[in-house]
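These notes concern the structure reproduced below.
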Amino acid sequence: MLQVREDDDFHRRIKQRRQESNRRFAAFFMGVIILCVAFSFFFAMQSESMQRQYLYPYPYRSVVEYYAAKYHVDSSLVAGMILSESKFRSEAKSHRGAVGLMQLMPETALWISEQIDDEEYSLGALHEPQKNIEYGTWYIASLEEEFGGNDVLALAAYNAGRGNVRDWMEENHWSMDFHEVSAIPYEETRAYVASVLKNRQKYLQLYGAGED
């Protein structure tokens, strides 16, 4: 009986080792598959066509380029802003109440409507891509003018408010030549400015400066 139990224990151990070996092989094989898929996806995303389709899409391109030209602002900058603000989702709304593609606050949009003499403005219109892009493009153009064409300061003002940026400039002795994104006090604003500037370069690379 002792010999039988020893034989059973031996075969049980052999079976367990085989099962463990099979599990390890399956895990290794699955890891290889996942790694291959990841590499394939990575290399596929290096192609311009894949980046255009999945990473840096450009809906409403003609609208962006029209208003960018009208208000004399870089269309790639506007496209980069929309990607960072809403990922081109016209129905987007933030927890703070910012609305639409370019995430405009209703009170800001009302002020913009007064500046451009748009008597047809309504809160509901902010969900319309054309109206939202027009207002957002006019606003960043006005900030670019106010801050001497400085993209970093203009984008920071778009995100955090022109008053905050003016305060930072005074407190930290920034000039209109300021470009040190990492020195922006608000973490959210730092991340936003860096994101938009990166996006602008990609849109410029993939689509050109308002050209096909």
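The values are calculated or read from the model by the stated rules, or taken from the named source; none is laboratory data. Since the model is a prediction, treat every value here as computed from it, not as a measurement. For neighbour counting, all protein chains shown are included, and Cβ atoms are generated from backbone atoms with ideal geometry for every residue, glycine included. For accessibility, only protein heavy atoms count, side chains too; no ligands or nucleic acids. Shrake-Rupley method; radii C 1.70, N 1.55, O 1.52, S 1.80 Å.
If you check GLU107 against the conditions, is it touching a residue at least 40 places away in the same chain (Cβ under 8 Å), open to solvent by 10 Å² or more (accessible area, probe 1.4 Å) and assigned to a helix (DSSP H, G or I)?
No; evaluated as a whole, the condition is false for this residue.
In segment 77-88, is there at least one residue being more than 26 Å from LEU153 (Cβ to Cβ) and charged (D, E, K, R)?
no
Give LEU101, LEU126 a once-over and let me know the one that is outside any strand (DSSP E or B), of a type outside the set (Ser, Thr, Tyr) and within 30 Å of SER47 (Cβ to Cβ).
Answer to the check: LEU101.
Under 7 Å between Cβ atoms, at least 6 apart or on separate chains: pull out the pairs that start in segment 75-96 with a residue that is more than 11 Å from VAL64 (Cβ to Cβ) and end on any residue that is among the β-branched types (Val, Ile, Thr).
SER84/VAL196; LYS93/VAL99
Test of understanding: among SER76, SER49, SER90, SER40, which residue is in a helix (DSSP H, G or I) and either at pLDDT 95 or above or under 15 Å from the mean Cα position of the chain (by Cα) (or both)?
Of the residues listed, the single one that is in a helix (DSSP H, G or I) and either at pLDDT 95 or above or under 15 Å from the mean Cα position of the chain (by Cα) (or both) is SER76.
Report yes if GLU134 is closer than 19 Å to TYR58 by Cα and part of a helix (DSSP H, G or I), otherwise no.
yes
Name the residues in segment 110-136 that are at pLDDT 95 or above, within 22 Å of the chain's Cα centre (by Cα) and aliphatic (A, V, I, L, M), would you?
Residue satisfying the conditions is ILE133 alone.
Please find, within segment 63-78, the residue that is least open to solvent (accessible area, probe 1.4 Å) out of those that are closer than 21 Å to ASN150 by Cβ and of a type in the set (Val, Ile, Thr).
So the residue we want is VAL78.
Note down all Cβ pairs under 6 Å where the first residue falls in segment 149-175 and is closer than 17 Å to VAL196 by Cα, the second is open to solvent by 40 Å² or more (accessible area, probe 1.4 Å), and they're at least six residues apart or on different chains.
Listed by first residue and then by second, the contacts come to ASN150/MET176; VAL152/HIS179; ALA160/TYR186.
What number of residues in segment 170-202 are open to solvent by 100 Å² or more (accessible area, probe 1.4 Å) and in contact with a Gly (Cβ under 7 Å, 6 or more places away or on another chain)?
Total satisfying the criteria: 0.
Look at segment 124-148 and say how many of its residues are in contact (Cβ under 8 Å) with a residue 40 or more places away in the chain and open to solvent by less than 10 Å² (accessible area, probe 1.4 Å).
Summing the residues that are in contact (Cβ under 8 Å) with a residue 40 or more places away in the chain and open to solvent by less than 10 Å² (accessible area, probe 1.4 Å) in segment 124-148 gives 5.
Take the residues of segment 92-104 that are surrounded by fewer than 18 Cβ atoms within 10 Å (Cβ to Cβ) and out of contact with any strand residue (DSSP E or B) (no Cβ under 9 Å at 6 or more places or on another chain): which is nearest to TYR58 (Cα to Cα)?
SER94
Please work out if TYR121 is aromatic (Phe, Trp, Tyr), free of Cβ contacts under 8 Å to residues at least 60 places away in the same chain and open to solvent by less than 60 Å² (accessible area, probe 1.4 Å).
Yes: the conditions hold for TYR121.
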